[in-house]
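The next block holds one structure in the form of C-alpha cells; read it before the comments.
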Amino acid sequence: MTSQARQDLVTRILAHGVHVNDEPLDVAGSSFHLLCDQLDQAGVQPGNIVVLRGLQGRDLVSAAMAVWKLNAVPLPVPLQGHSRDDEAAQALFDACQITETLTVLPAAPSHKAIRLGTTAVLHRSSGSTGSPKLARRSVASVLQDAEGYRSGLGLTPGERVAIPVPLMHSFGWGITIGALLSGCDVDVAPFVRASALAHKVDSGTASVLAITPPVARLLVETQRQGKSVPRAAMAGAGPVPNDLDEAFRTRFGVPLLRGYGSTETGGTFFGDRGMGRPVHGVDIVAPSPGERGELILRLAAPVEGYLGDEHIPLRKWHTRDIVRHDVDGCVYFEARAQGPLRLNGRFIDANITEQILRAVPGVTNVSLLVLPRSESPETEDFYAVVEGNAAEENLLASLAESPAGVPIPRVIVCEQLPTTTLGKRDRGALIEMVRKASG
C-alpha cells in the first residue's frame, strides 16, 4: 500500500504560493505542470522510483514536486551518478528518468518496478566509509527535518532563503524543503562566484543564507556591497572552525549557525557552536552529558534504512561519530568511529591504531585504509593517513608500542585530509593520495 502523504507534501508547498528563483511553481505552462503531464503519460504509478539525473536548482525542485504530485519517489543523482558497478543502483538503470533537459524517459519494458510505501525520497550516501547506498527517507522524516530548520532558523512565510549548495545531497535538499514547507521563497541558484552571492546578502535580496564551510570561507574574503545584514546564516555539511565563525561574524554581522545530520536521518542537531543541540523529536541516547563516545540517537521519525534492505524501521540510530557531550547539552564532533577492517582475510581492530596515532602531539585527524597492491591485488596493505604536523618518527615510535597482533600501518602525513565540497571525507581523493605517496 502506498502513502498519499507524498502528495500532501507538494499540496502544502504549493498552497503557500512560494517562489523558486523569483518565479512561482504553480502556474500554467510551468515546468512543474509539464513534468506532471509527462510523468503521467510515462505511466508512473504510486510508489514508483523516478531518477532525477543531473538536475540542479529550480529544475530539481520542479521535478521533485512533479514526482510527488504523481505520488512517486524522487531519487536525485549527479549526471554521472551511477555506474554498472554501483550495487546500490542496479535496479534503477531502466527506471523512469527526468533528464537534465527536463525530458521524461519512461521506464524500459524490462524494468522491474519497485513500489515504496512511506518513503518520500531516496538519497545516495556519500560513500565516505564504503560503497554508496540509497538511503530511504520517510515522509515523517522529511517533516521532522523541515520542522528542525523552521524552528532553528526561525523561518517565516514570505522571507527569502538563499541555498547555493547542491540540492541532491541531504543538507541542501532538507533546508530547501524545510523553507518551502515554511512558506519561504527560495533562491537555489548554484554557487558560481562568491561576490555574486555576497551581493544578494548585502543588498537584502536574501534574509537567510544556507551554505557549507568552504563557501563561507570564500564569502568572508568579499568586499561589502550594501548595508543589509542577513537575519540568519547557517553552515552545514562540515565543521566550522572558530576562526571562520569570527571572520564571518565580522564580515556579515551575524554568527554562523551550525547543523549536523546524516543522509539516513536528515538534520538532527542545530545550534550556535559545536554540532549544536538535538532538534525536536531527537533524543541523545549516548554519550551521557559530560562524557565522550559514539553518538547514538533516538528518533521520532524511524530510519527506513536502504533500498533493498528488508528490516523493521529503526528508532535508535548509531551515527558512528565520536562526540563530546557537554553538561550544558551541546555536542562537539571529535572523530569518525573506525570499525573493524579486513586485512588479507582477517579482521583487525582499527580503533587501537587510531587511538595510538591520535595521542601523538600534532595529530589533528586520522584516516585508516586497507588497499590492494596494484601489482598483486591478492595482497592488501594497511595505511594510516595522518593530518597535522606530527613528526613521522614520533608516529612510528608510538605505533611500535602497539599490542601484539595489531598490524603496523604505513604512515602518510598530510596537512589536511581531503574532503568533498560538502565537507565529507573524500575517499577517492584519499586513495589517490595514498597511491601517489606510496609509489
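Numbers for the structure displayed
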quantity	calculated
Radius, Kirkwood style, for segment 7-57 when every pair of distinct Cα atoms is counted (Å)	12.6
Rounded to 10°, Cα long-axis angle of helix 427-438 versus longest principal axis of the chain	30
Label zone at ASP243 (point 7 Å along Cα-to-Cβ), backbone N below 18 Å, segment 293-330	none
Segments 65-73, 369-377, 230-238 sorted - mean Cβ within 10 Å per residue, highest first	65-73, 230-238, 369-377
Angle between the chain longest axis and helix 57-69 axis [Cα atoms, degrees, rounded to 10]	70
Derived scalar couplings ³J(HN,Hα) [segment 13-30; Karplus, 6.51 cos²θ - 1.76 cosθ + 1.60; whole Hz; x for Gly, Pro]	5, 5, 5, 6, x, 5, 10, 10, 6, 6, 10, x, 7, 9, 10, 4, x, 6
Order of PHE93, PHE269 - criterion: other Cβ atoms within 10 Å of each residue's Cβ, fewest first	PHE93, PHE269
Helix 242-252 axis, angle to the chain major axis (alpha carbon atoms, nearest 10°)	30
Value at 222 nm in deg cm²/dmol, rounded to 500, when DSSP H runs of n ≥ 4 in the chain each add -39,500 (n - 2.57)	-8000 deg cm²/dmol
Rounded to 5, the percent of DSSP beta bridges in the chain classed as antiparallel	65
Electrostatic dipole magnitude of the chain [Cβ: Lys, Arg +1; Asp, Glu -1; Cα centre; debye, to 20]	480
Cα shape, segment 279-400, gyration tensor, a/c 1.5 rule	oblate
Segments 400-412, 184-196, 215-227 sorted - mean Cβ within 10 Å per residue, highest first	184-196, 215-227, 400-412
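Each reported figure results from applying straightforward, stated rules to the coordinates on display, with no laboratory input. None of these values were measured; they are calculated from a predicted model. In this analysis, Cβ positions are derived from the backbone assuming ideal geometry, glycine residues included, and neighbour counts consider all displayed protein chains.
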